[in-house]
Amino acid sequence: MLVWKNLLCERRAAVMCKPKGFTLIELLVVIAVIALLLAIMLPALQRAREQAKTVACRSKLRQFGVTFATYDVYSNKLDGKRYEPGSPDQFWFYFGQKWGPYRGNCSELLLCPAATKHVIGDPDAIWHYGGKFSAWGTTDELPDPAGGSYGSNKWYWWEFYTPPPDSPGREKYWSGLFVKRASDVPLFFDCAWFDGGLSDCVDSPPEYDDQPTQLASGSNANACGICINRHNGAINSLFLDWSVRKVGLKELWKVKWHRQWNTANRWTTAGGAMPQDWPEWMRSFKDY
(Lines give C-alpha, C1' and ligand atoms only; values in the text may rest on other atoms or scores of the structure.)
Protein backbone atom coordinates (compact mmCIF):
# COMPACT_ATOMS: atom_id res chain seq x y z
CA MET A 1 0.00 0.00 0.00
CA LEU A 2 2.86 2.33 0.81
CA VAL A 3 4.43 1.65 -2.56
CA TRP A 4 1.20 2.60 -4.38
CA LYS A 5 0.94 5.79 -2.38
CA ASN A 6 4.51 6.71 -3.32
CA LEU A 7 3.82 6.03 -7.01
CA LEU A 8 0.63 8.10 -6.89
CA CYS A 9 2.45 11.00 -5.27
CA GLU A 10 5.26 10.81 -7.80
CA ARG A 11 2.73 10.83 -10.72
CA ARG A 12 0.81 13.72 -9.19
CA ALA A 13 4.03 15.66 -8.69
CA ALA A 14 4.97 15.03 -12.32
CA VAL A 15 1.62 16.31 -13.53
CA MET A 16 1.84 19.38 -11.31
CA CYS A 17 5.33 20.15 -12.57
CA LYS A 18 4.38 19.78 -16.25
CA PRO A 19 4.64 23.19 -17.99
CA LYS A 20 1.25 24.68 -18.94
CA GLY A 21 0.44 26.21 -22.39
CA PHE A 22 -1.63 26.02 -25.56
CA THR A 23 -0.99 23.42 -28.14
CA LEU A 24 -0.76 24.46 -31.79
CA ILE A 25 -4.16 22.92 -32.51
CA GLU A 26 -5.79 24.79 -29.64
CA LEU A 27 -4.25 28.05 -30.84
CA LEU A 28 -5.48 27.49 -34.39
CA VAL A 29 -8.99 26.74 -33.14
CA VAL A 30 -9.07 29.99 -31.14
CA ILE A 31 -7.84 31.99 -34.16
CA ALA A 32 -10.46 30.34 -36.39
CA VAL A 33 -13.25 31.18 -33.91
CA ILE A 34 -12.10 34.83 -33.68
CA ALA A 35 -11.91 35.08 -37.48
CA LEU A 36 -15.41 33.63 -37.79
CA LEU A 37 -16.82 36.12 -35.28
CA LEU A 38 -15.15 39.02 -37.08
CA ALA A 39 -16.53 37.84 -40.42
CA ILE A 40 -20.01 37.84 -38.91
CA MET A 41 -19.72 41.13 -37.04
CA LEU A 42 -17.85 43.38 -39.49
CA PRO A 43 -20.60 43.52 -42.16
CA ALA A 44 -23.14 44.32 -39.46
CA LEU A 45 -20.90 47.06 -38.06
CA GLN A 46 -20.38 48.45 -41.56
CA ARG A 47 -24.14 48.53 -42.18
CA ALA A 48 -24.67 50.25 -38.83
CA ARG A 49 -22.03 52.85 -39.70
CA GLU A 50 -23.61 53.52 -43.09
CA GLN A 51 -27.05 53.76 -41.52
CA ALA A 52 -25.76 56.28 -38.99
CA LYS A 53 -24.35 58.43 -41.81
CA THR A 54 -27.67 58.23 -43.66
CA VAL A 55 -29.60 59.36 -40.60
CA ALA A 56 -27.13 62.20 -39.94
CA CYS A 57 -27.45 63.27 -43.58
CA ARG A 58 -31.24 63.48 -43.29
CA SER A 59 -30.85 65.51 -40.11
CA LYS A 60 -28.73 68.07 -41.95
CA LEU A 61 -31.24 68.29 -44.78
CA ARG A 62 -34.00 68.91 -42.22
CA GLN A 63 -31.93 71.78 -40.81
CA PHE A 64 -31.72 73.24 -44.29
CA GLY A 65 -35.47 72.79 -44.60
CA VAL A 66 -36.03 74.78 -41.41
CA THR A 67 -33.73 77.50 -42.74
CA PHE A 68 -35.47 77.70 -46.09
CA ALA A 69 -38.94 77.59 -44.53
CA THR A 70 -38.03 80.30 -42.03
CA TYR A 71 -36.50 82.70 -44.49
CA ASP A 72 -38.90 84.80 -46.58
CA VAL A 73 -41.58 82.11 -46.72
CA TYR A 74 -44.18 84.89 -46.42
CA SER A 75 -43.17 86.06 -49.92
CA ASN A 76 -43.94 82.61 -51.41
CA LYS A 77 -40.41 82.55 -52.77
CA LEU A 78 -36.94 81.84 -51.49
CA ASP A 79 -35.11 85.10 -52.03
CA GLY A 80 -31.51 85.33 -53.14
CA LYS A 81 -29.02 87.41 -55.02
CA ARG A 82 -29.56 87.89 -58.70
CA TYR A 83 -27.51 86.01 -61.22
CA GLU A 84 -24.13 87.56 -61.93
CA PRO A 85 -22.06 85.60 -64.48
CA GLY A 86 -18.73 84.57 -63.04
CA SER A 87 -19.67 85.60 -59.51
CA PRO A 88 -19.83 83.05 -56.66
CA ASP A 89 -22.81 84.99 -55.28
CA GLN A 90 -25.07 83.09 -57.65
CA PHE A 91 -24.74 79.81 -55.73
CA TRP A 92 -26.93 78.65 -52.85
CA PHE A 93 -24.08 78.02 -50.39
CA TYR A 94 -23.25 81.70 -50.10
CA PHE A 95 -26.83 82.56 -49.17
CA GLY A 96 -26.16 86.30 -49.19
CA GLN A 97 -25.86 88.48 -46.13
CA LYS A 98 -29.55 88.11 -45.27
CA TRP A 99 -29.20 84.31 -44.97
CA GLY A 100 -26.39 84.46 -42.43
CA PRO A 101 -28.54 84.51 -39.26
CA TYR A 102 -30.41 81.41 -40.41
CA ARG A 103 -27.53 79.27 -41.59
CA GLY A 104 -24.78 80.39 -39.26
CA ASN A 105 -21.12 79.94 -40.03
CA CYS A 106 -21.05 76.16 -40.10
CA SER A 107 -19.23 74.58 -43.03
CA GLU A 108 -19.87 71.09 -41.66
CA LEU A 109 -23.57 71.54 -42.37
CA LEU A 110 -22.76 71.66 -46.08
CA LEU A 111 -21.22 68.17 -46.09
CA CYS A 112 -23.02 64.84 -46.11
CA PRO A 113 -21.35 62.57 -43.50
CA ALA A 114 -20.77 60.01 -46.26
CA ALA A 115 -18.96 62.53 -48.49
CA THR A 116 -16.72 64.85 -46.50
CA LYS A 117 -13.44 64.55 -48.42
CA HIS A 118 -12.46 66.80 -51.31
CA VAL A 119 -10.74 65.08 -54.23
CA ILE A 120 -9.02 67.67 -56.41
CA GLY A 121 -8.31 66.22 -59.84
CA ASP A 122 -6.92 69.27 -61.63
CA PRO A 123 -4.92 71.51 -59.28
CA ASP A 124 -5.12 74.36 -61.80
CA ALA A 125 -8.94 74.37 -61.87
CA ILE A 126 -10.81 76.79 -59.61
CA TRP A 127 -13.71 74.35 -59.18
CA HIS A 128 -13.60 70.62 -58.67
CA TYR A 129 -16.48 68.16 -58.86
CA GLY A 130 -17.47 65.69 -56.18
CA GLY A 131 -18.58 62.10 -56.47
CA LYS A 132 -20.30 59.28 -54.68
CA PHE A 133 -18.22 59.65 -51.51
CA SER A 134 -16.48 62.97 -52.12
CA ALA A 135 -17.43 66.64 -51.96
CA TRP A 136 -17.26 69.33 -54.62
CA GLY A 137 -15.62 72.62 -53.84
CA THR A 138 -13.47 75.59 -54.74
CA THR A 139 -9.81 76.36 -54.36
CA ASP A 140 -8.35 79.17 -52.29
CA GLU A 141 -8.22 81.40 -55.37
CA LEU A 142 -11.83 82.55 -54.93
CA PRO A 143 -12.61 85.34 -52.43
CA ASP A 144 -14.73 83.00 -50.31
CA PRO A 145 -13.72 79.33 -50.82
CA ALA A 146 -16.56 76.93 -50.26
CA GLY A 147 -17.62 73.38 -50.86
CA GLY A 148 -20.22 70.79 -50.06
CA SER A 149 -21.75 67.49 -51.00
CA TYR A 150 -25.32 68.68 -51.57
CA GLY A 151 -26.94 70.34 -54.55
CA SER A 152 -30.14 72.14 -55.38
CA ASN A 153 -32.81 71.57 -58.00
CA LYS A 154 -31.81 73.88 -60.84
CA TRP A 155 -35.46 74.12 -61.94
CA TYR A 156 -36.35 75.89 -58.72
CA TRP A 157 -33.31 77.81 -57.58
CA TRP A 158 -32.56 79.33 -60.95
CA GLU A 159 -35.94 80.98 -60.69
CA PHE A 160 -34.56 83.72 -58.44
CA TYR A 161 -31.79 84.42 -60.95
CA THR A 162 -34.64 85.89 -63.06
CA PRO A 163 -33.95 84.37 -66.49
CA PRO A 164 -35.36 86.55 -69.29
CA PRO A 165 -39.02 85.76 -70.14
CA ASP A 166 -38.03 84.55 -73.60
CA SER A 167 -35.38 82.12 -72.28
CA PRO A 168 -35.71 78.55 -73.63
CA GLY A 169 -37.45 76.33 -71.09
CA ARG A 170 -38.65 79.25 -68.96
CA GLU A 171 -42.03 77.53 -68.60
CA LYS A 172 -40.40 74.61 -66.79
CA TYR A 173 -39.28 76.64 -63.76
CA TRP A 174 -41.13 76.47 -60.45
CA SER A 175 -42.30 79.94 -59.54
CA GLY A 176 -42.96 79.66 -55.79
CA LEU A 177 -43.11 77.52 -52.70
CA PHE A 178 -46.76 76.54 -52.83
CA VAL A 179 -47.23 74.12 -55.71
CA LYS A 180 -49.29 71.00 -56.23
CA ARG A 181 -47.66 67.74 -55.17
CA ALA A 182 -44.89 69.63 -53.40
CA SER A 183 -43.89 66.36 -51.73
CA ASP A 184 -42.74 65.10 -55.15
CA VAL A 185 -40.62 68.15 -56.04
CA PRO A 186 -36.95 67.73 -55.01
CA LEU A 187 -35.43 70.92 -53.65
CA PHE A 188 -32.10 70.05 -52.01
CA PHE A 189 -30.30 66.69 -52.09
CA ASP A 190 -27.12 64.62 -52.20
CA CYS A 191 -25.24 65.76 -55.27
CA ALA A 192 -21.78 65.75 -56.85
CA TRP A 193 -22.17 69.42 -57.84
CA PHE A 194 -23.79 72.52 -56.33
CA ASP A 195 -26.92 72.08 -58.43
CA GLY A 196 -28.46 69.35 -60.50
CA GLY A 197 -31.58 67.79 -61.83
CA LEU A 198 -32.87 66.01 -64.87
CA SER A 199 -33.85 68.17 -67.80
CA ASP A 200 -35.86 65.82 -69.99
CA CYS A 201 -37.50 62.46 -69.52
CA VAL A 202 -35.09 60.96 -72.05
CA ASP A 203 -32.10 61.72 -69.82
CA SER A 204 -30.40 58.38 -69.29
CA PRO A 205 -28.69 57.10 -66.13
CA PRO A 206 -24.88 57.00 -65.72
CA GLU A 207 -23.16 54.27 -67.69
CA TYR A 208 -21.28 53.02 -64.62
CA ASP A 209 -21.17 53.57 -60.88
CA ASP A 210 -19.75 56.96 -59.86
CA GLN A 211 -19.28 58.17 -63.43
CA PRO A 212 -17.53 61.55 -63.11
CA THR A 213 -19.84 64.46 -63.82
CA GLN A 214 -17.14 66.39 -65.65
CA LEU A 215 -16.59 63.49 -68.07
CA ALA A 216 -20.26 62.88 -68.83
CA SER A 217 -21.74 63.96 -72.12
CA GLY A 218 -24.84 63.33 -74.15
CA SER A 219 -28.09 62.09 -72.68
CA ASN A 220 -26.65 61.01 -69.32
CA ALA A 221 -24.81 64.26 -68.52
CA ASN A 222 -27.66 65.56 -66.33
CA ALA A 223 -27.93 62.36 -64.30
CA CYS A 224 -24.31 61.79 -63.27
CA GLY A 225 -24.34 64.43 -60.56
CA ILE A 226 -27.46 63.14 -58.78
CA CYS A 227 -27.63 59.42 -59.61
CA ILE A 228 -24.91 58.47 -57.12
CA ASN A 229 -25.00 55.39 -54.93
CA ARG A 230 -24.23 57.27 -51.72
CA HIS A 231 -26.81 55.69 -49.41
CA ASN A 232 -27.24 52.05 -50.38
CA GLY A 233 -29.01 52.46 -53.70
CA ALA A 234 -30.46 55.89 -52.89
CA ILE A 235 -29.78 59.52 -52.12
CA ASN A 236 -31.40 61.71 -49.47
CA SER A 237 -33.52 64.67 -50.51
CA LEU A 238 -35.39 67.62 -49.04
CA PHE A 239 -38.65 68.22 -50.90
CA LEU A 240 -40.62 71.39 -51.48
CA ASP A 241 -43.05 70.51 -48.67
CA TRP A 242 -40.02 70.46 -46.31
CA SER A 243 -40.15 66.66 -45.90
CA VAL A 244 -36.94 64.62 -46.06
CA ARG A 245 -36.65 61.03 -47.27
CA LYS A 246 -34.51 58.60 -49.19
CA VAL A 247 -35.01 58.56 -52.95
CA GLY A 248 -34.11 55.37 -54.78
CA LEU A 249 -31.77 55.90 -57.70
CA LYS A 250 -34.38 54.64 -60.16
CA GLU A 251 -36.96 56.79 -58.39
CA LEU A 252 -35.07 59.87 -59.56
CA TRP A 253 -36.97 59.53 -62.84
CA LYS A 254 -40.26 59.29 -60.93
CA VAL A 255 -40.10 62.52 -58.90
CA LYS A 256 -41.17 65.80 -60.50
CA TRP A 257 -38.12 67.87 -61.39
CA HIS A 258 -39.89 70.69 -63.22
CA ARG A 259 -43.37 71.79 -64.25
CA GLN A 260 -43.45 69.77 -67.46
CA TRP A 261 -41.85 66.60 -66.10
CA ASN A 262 -43.61 63.39 -67.09
CA THR A 263 -43.63 61.06 -64.07
CA ALA A 264 -44.60 58.12 -66.31
CA ASN A 265 -41.62 58.44 -68.62
CA ARG A 266 -39.67 55.63 -70.31
CA TRP A 267 -37.52 55.02 -67.20
CA THR A 268 -40.48 54.20 -64.92
CA THR A 269 -42.54 51.03 -64.62
CA ALA A 270 -45.57 53.03 -65.75
CA GLY A 271 -43.65 53.90 -68.89
CA GLY A 272 -42.71 50.27 -69.54
CA ALA A 273 -39.16 50.25 -68.18
CA MET A 274 -37.68 46.79 -67.52
CA PRO A 275 -34.71 45.93 -65.25
CA GLN A 276 -32.59 45.03 -68.29
CA ASP A 277 -33.11 48.53 -69.70
CA TRP A 278 -30.95 50.00 -66.95
CA PRO A 279 -27.15 49.96 -66.86
CA GLU A 280 -25.83 46.77 -65.29
CA TRP A 281 -24.76 48.46 -62.05
CA MET A 282 -28.35 49.62 -61.41
CA ARG A 283 -30.35 46.54 -62.38
CA SER A 284 -30.59 45.16 -58.85
CA PHE A 285 -32.04 48.39 -57.43
CA LYS A 286 -35.74 48.77 -56.70
CA ASP A 287 -37.95 49.73 -59.65
CA TYR A 288 -40.48 52.58 -59.54
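Among the residues of region 174-198, those that are surrounded by fewer than 18 Cβ atoms within 10 Å (Cβ to Cβ) and at pLDDT 80 or above comprise V179, K180, R181, A182, S183, D184.
Sort out which residues of region 60-80 are modelled with pLDDT of 75 or more and touching a helix residue (DSSP H, G or I) at 6+ places or on another chain (Cβ under 9 Å), and write them in order of number. Before you say what the answer is, go through the steps one by one.
Pass one, region 60-80, residues modelled with pLDDT of 75 or more: 60-69.
If the condition is that a residue be modelled with pLDDT of 75 or more and touching a helix residue (DSSP H, G or I) at 6+ places or on another chain (Cβ under 9 Å), then K60, Q63, F64, V66, T67, F68 are the ones that fit.
On the stretch given as region 263-288, residues that are surrounded by fewer than 14 Cβ atoms within 10 Å (Cβ to Cβ) and polar (S, T, N, Q) total 3. Answer yes if at least one residue in region 232-255 is in a helix (DSSP H, G or I), under 16 Å from Y150 (Cα atoms) and at pLDDT 95 or above, and no otherwise. Among the residues of region 232-255, at least one is in a helix (DSSP H, G or I), under 16 Å from Y150 (Cα atoms) and at pLDDT 95 or above, which makes the answer yes. Of the set (1) surrounded by fewer than 12 Cβ atoms within 10 Å (Cβ to Cβ); (2) modelled with pLDDT of 85 or more, all apply to C112 but (1).
Working carefully through the options L177, L198, find the one that is part of a loop (DSSP other than H, G, I, E, B), within 15 Å of V247 (Cβ to Cβ), in contact (Cβ under 8 Å) with a residue 12 or more places away in the chain and not polar (S, T, N, Q). Before the answer, list the steps.
On the way: L177 fails: within 15 Å of V247 (Cβ to Cβ).
Criteria check complete, one pass: L198.
The values are calculated or read from the model by the stated rules, or taken from the named source; none is laboratory data. These figures come from a predicted structure and were not determined experimentally. Heads up, the Cβs are rebuilt from the backbone with ideal geometry, glycines too, and the neighbour counts pull from every protein chain shown.
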